[in-house]
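Participant: Take a look at the following structure, please.
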Amino acid sequence: MGEEEKERIENLKIKGLRLDREMVREYPESSQAAHLVGFLGKNKEGEDQGYFGLEGYYDSQLKKGANLKLFLDRQIQWLTEEEIERGVKKYGAKRGLVLVVDPKTGGILSLAVYPRFNPKEYSQTDTKLFLNPAISETIEPGSIFKPLIMAAAIDSGRISPDERCTKCDGPRKIGDKTIHTFNDEYYPQSTMTDIIKHSDNVGMVYVIEKLGLKKTLNYLEKFGFGQTTNVDLQGEITNPLDTKKYWPFIDLATVSFGQGIAVTPMQIIQAFTALANKGKMVSPRAVAEISYPSGKKVKPSPQEKVVLSPKTAAIVTQMMIAAVEDGFVKKLVIPGLTVAGKTGTAQIAIGGQYDPHKTIASFIGFAPAENPRFLMLTVLYQPSASPWGTSTAAPVWFNIARRITL
């Protein structure tokens, strides 16, 4: 009850009536940002206990009466939730995810998942909905991985940005396997920019062959794969990198286009901050400031490290701009907004075999490319209208970007 109602009851001076103060958790925004927030439930002893998201991660601080100030932008959160729900329904996907961060600070501006849940009604909710796919599930990323491998090859000096691919004139046979482009179109003597623009799997095999296993693993570790991002949300997992000294070449080849490696969306967004931030990678985080009843305030420090040269980041950014403006999503370009982006379509492994009809469609990009205000990843799980990220996840991304920049 409110203070006014409390005073009215007390003024009645009813003998034997006593009002006790009890702390309760309210979620006035209902299901908004549920996977970021988590919920306050009960443990086995019947005591209040935070679970998932912020509630789980900061449970001890919240029990002390601390307040959390978030990087979350309420307007961006609202519109991303609206657009991912619309996208899931329009493209017949099982689920959807949008993750938006400020690449300079790592601050999470939005984390939208559909279907979502109401934290107030957690006890009536299917527990499968509680898991946050941004941090608690791994995916094979598909072609959104290509700019990272290209950046590693250029940064290490194993590939020149002006180099032309001498093995891009047809399918690439590796042992008993054959690597094709997604549309079986081939571009002899492709430039490195062409390889990203055309999302050329065969071209990427050429790149990673030049990069080599040792350097590939070195840069994957630099980008944070195989380790948690340490984002301040409960439930983060990681898949360890296979660091053995010998890989069959086919395994290395498929990593070049984002298959055969399992990563979380949060790890992907972290790695791309290096491209959006002149080579400096910034770990994602949800809380900007913690304030305690005593008046003490704590601002968690971002984790930062340089993983690419500014020159490499600028070169690959230009490749991603070309992929947007001259590639498969050029019809989605927003006038006046320069976007550096990349589509992704990853097949899903079922029973040790890839299912050609089930995919994870994605798009990652940052804008304005020259001085990014946001870095965003959209993911649609098993869209049925089209398997391609170009036709599903990319339109969702650009719909959101258009509304963010209005």
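Participant: ALA286 - would you say it is under 26 Å from THR345 (Cα atoms), open to solvent by less than 10 Å² (accessible area, probe 1.4 Å) and either out of contact with any Asp or Glu (no Cβ under 9 Å at 6 or more places or on another chain) or modelled with pLDDT of 95 or more (or both)?
Facilitator: When the stated conditions are applied, ALA286 does not pass them.
Participant: Ok, one more. Output the number of the condition that GLY92 fails; it satisfies all remaining conditions of (1) over 22 Å from GLN77 (Cβ atoms); (2) open to solvent by 10 Å² or more (accessible area, probe 1.4 Å); (3) part of a helix (DSSP H, G or I).
Facilitator: (3)
Participant: Under 6 Å between Cβ atoms, at least 6 apart or on separate chains: pull out the pairs that start in segment 386-406 with a residue that is aromatic (Phe, Trp, Tyr) and at pLDDT 95 or above and end on any residue that is buried (at least 17 other Cβ atoms within 10 Å of the Cβ) and assigned to a helix (DSSP H, G or I).
Facilitator: PHE398/LEU332
Participant: Would you mind stating whether GLN303 is within 23 Å of ILE179 (Cβ to Cβ) and open to solvent by 10 Å² or more (accessible area, probe 1.4 Å)?
Facilitator: no
Participant: Being in a loop (DSSP other than H, G, I, E, B) and in contact (Cβ under 8 Å) with a residue 40 or more places away in the chain: is that true of ALA134 here?
Facilitator: Here the answer is yes, as ALA134 does meet what is asked.
Participant: Out of all the residues in segment 110-130, is one or more over 20 Å from PHE363 (Cβ atoms), in a helix (DSSP H, G or I), of a type in the set (Lys, Arg) and open to solvent by 10 Å² or more (accessible area, probe 1.4 Å)?
Facilitator: The answer is yes; a qualifying residue exists.
Participant: Just checking, how many residues over segment 344-359 are open to solvent by 20 Å² or more (accessible area, probe 1.4 Å) and within 25 Å of ILE269 (Cβ to Cβ)?
Facilitator: So the answer is 6.
Participant: In segment 42-58, what residues are crowded, with 18+ Cβ neighbours inside 10 Å and either touching an Asp or Glu at 6+ places or on another chain (Cβ under 9 Å) or basic (Lys, Arg) (or both)?
Facilitator: Scanning segment 42-58 gives GLY50, TYR51, LEU54, TYR57, TYR58.
The values are calculated or read from the model by the stated rules, or taken from the named source; none is laboratory data. Keep in mind it's a predicted model, so treat the numbers as computed, not measured. Every residue, glycine as well, gets a Cβ built from its backbone with ideal geometry; the counts of neighbours run over all protein chains shown. Accessible surface areas use protein heavy atoms only, side chains included; no ligands, DNA or RNA. Shrake-Rupley method; radii C 1.70, N 1.55, O 1.52, S 1.80 Å.
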